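Q: Before I ask anything, here is the structure I am working with.
The values are calculated or read from the model by the stated rules, or taken from the named source; none is laboratory data. The structure presented is a predicted model; accordingly, all values stated were derived computationally and were not measured. When we count neighbours, we look across all protein chains shown, and the Cβ atoms used for this are built from the backbone with ideal geometry, even at glycine. Protein only, heavy atoms only, side chains kept; ligands, DNA and RNA dropped before computing areas. Shrake-Rupley method; radii C 1.70, N 1.55, O 1.52, S 1.80 Å.
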Amino acid sequence: MNKFAHNIYGSTKGKLRHQVLLHQMRKYINLDQGVLDIIDVGGGTGIMAKEMLDMGHRVLFNDISAQAVDFAKQSLQGAENVRFEQQNLNQLMFCKAFDLVICHAVLEWLEEPFNAIEKLIQLARPGAMVSLSFFNKEAHRFGNILYGNFDYVDADMQTKNTVRLNPNRALSPHLVLHKLAALPIEIIATSGIRCFHDYLKDREKQQQEFERIKQLELNYCEDNTYKWLGKYFHIVFRVI
């Protein structure tokens, strides 16, 4: 798990993803309105849970992985107002219990992601907010075409040799938005996460020019021209 945390958040990819997500959440979710009851579904290393706890909120950290839960318990040791659940999303028995549901980079690992979205909505109180992000299939295709991985693209980005940190079920933002349109929610904002960073020809600039790239990401992540190119897509919506 330490290796996983280093590979994800020790890289500019993970650092940028986290910072842009947090910026967008602060922008569209009133995180200063008092103490919120929050569930972080598939919370991984606990990095987002820590942000919410540092703001004074109550957090239920959830992950299907016992290793992830143990790691989060260590990284959040001493924090107040945090509970831990090692459960599959569908096994969570909470109903209309939370003011904010966070689900970042989880759907692309699931066999039935759209059923999972409905479950997330069930966890939220009426009027509650949901922060949902997922690996963008269209951006994944675009990037692989740029890299010349034509056989992989022809295979719809499926491979027999799975790489542990590479999700194999990327989702189309347009399809997710279409599915959400039939559910009792109101979309507040959509944005792309890492619209430019991963496409830089000079990879050294990902580190050397990190702050400048970050500012460009923040400037254009909601722009309709660029947001669809984000390696991750982020949707903030309110449950009705």
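Q: For the chain, what is the calculated [θ] at 222 nm in deg cm²/dmol (nearest 500), taking -39500 (n - 2.57) for each run of four or more DSSP H residues and dividing by its residue count? Mind dumping the intermediate values first?
A: Details: 10 runs with 92 residues, N = 240.
That comes out to -11000 deg cm²/dmol.
Q: Place a +1 charge on the Cβ of each Lys and Arg in region 92-229 and a -1 charge on the Cβ of each Asp and Glu, then give the dipole magnitude about the Cα centre in debye, rounded to the nearest 20.
A: 220 debye
Q: With the other protein chains left in place, how much accessible area per residue, in square angstrom, belongs to the chain at a 1.4 angstrom probe?
A: Here the per-residue accessible area is 52 Å².
Q: Could you please state how large a percent of the accessible area of the chain is carbon and sulfur, counting protein chains only and using a 1.4 Å probe?
A: Summing carbon and sulfur atoms, their accessible area is 48 percent of the total for the chain.
Q: Work through the residues other than LEU92 whose Cβ is under 14 Å from its Cβ and net out their charges, Lys, Arg +1 and Asp, Glu -1. Kindly include the intermediate steps, with their values, before the conclusion.
A: Numbers: positive: ARG83, LYS96, LYS119; negative: ASP37, ASP40, ASP63, GLU85, GLU118.
Overall, the nearby charge balance is -2.
Q: Further question: Given axes a ≥ b ≥ c from the Cα gyration tensor, I'd like to know whether region 178-240 is rounded (a/c under 1.5), prolate (a/b larger than b/c) or oblate.
A: Verdict is prolate for region 178-240.
Q: Same structure again: So what's the net charge close to GLY148: Lys and Arg +1, Asp and Glu -1, counting the other residues with Cβ under 14 Å from its Cβ?
A: Computed value for this residue: 0.
Q: Separate question: So how far, in whole Å, is the C-alpha centre of region 194-210 from the one of region 73-121?
A: Each part reduced to its Cα centre gives a spacing of 31 Å.
Q: Let me ask you something else. Mind checking the dipole of the chain: about its Cα centre, +1 per Lys or Arg Cβ, -1 per Asp or Glu Cβ, Debye to the nearest 20?
A: My answer is approximately 200 debye.
Q: Which order do HIS104, HIS174 take when ranked by solvent-accessible area (1.4 Å probe, heavy atoms of all protein chains), largest first? Let's see the in-between values first.
A: Numbers: HIS104 30, HIS174 105 Å².
I get HIS174, HIS104, largest accessible area first.
Q: Give the ranking of THR225, THR159 by solvent-accessible surface, highest area first, calculated with a 1.4 Å probe.
A: Most to least solvent-accessible, the answer reads THR225, THR159.
Q: Per the Kirkwood formula on distinct C-alpha pairs, the Rh of the chain is how many angstrom?
A: Working: mean 1/r = 0.0544 Å⁻¹.
It works out to 18.4 Å.
Q: Taking the Cα centre of region 194-240 as the origin, how large is its charge dipole in debye, to the nearest 20, when only Lys and Arg (+1) and Asp and Glu (-1) carry charge on their Cβ atoms?
A: About 140 debye.
Q: Here's another thing I want to ask about it. For the chain, give the share of DSSP beta bridges that are antiparallel, in percent and rounded to the nearest 5; count only bridges with both residues there.
A: The antiparallel proportion sits near 40 percent.
Q: Something else: Using a simple spin-label model with points 7 Å from Cα along the Cα→Cβ vector, what separation in nm is obtained for ASN115 and ARG83?
A: 2.5 nm
Q: Using the Cβ atoms and a cut-off under 11 Å, what net charge is assigned to the surroundings of CYS195, where Lys and Arg are +1 and Asp and Glu are -1?
A: -1
Q: Note down the relative contact order for the chain as a percent, whole number, built from C-alpha pairs under 8 angstrom at least six residues apart.
A: 21 percent
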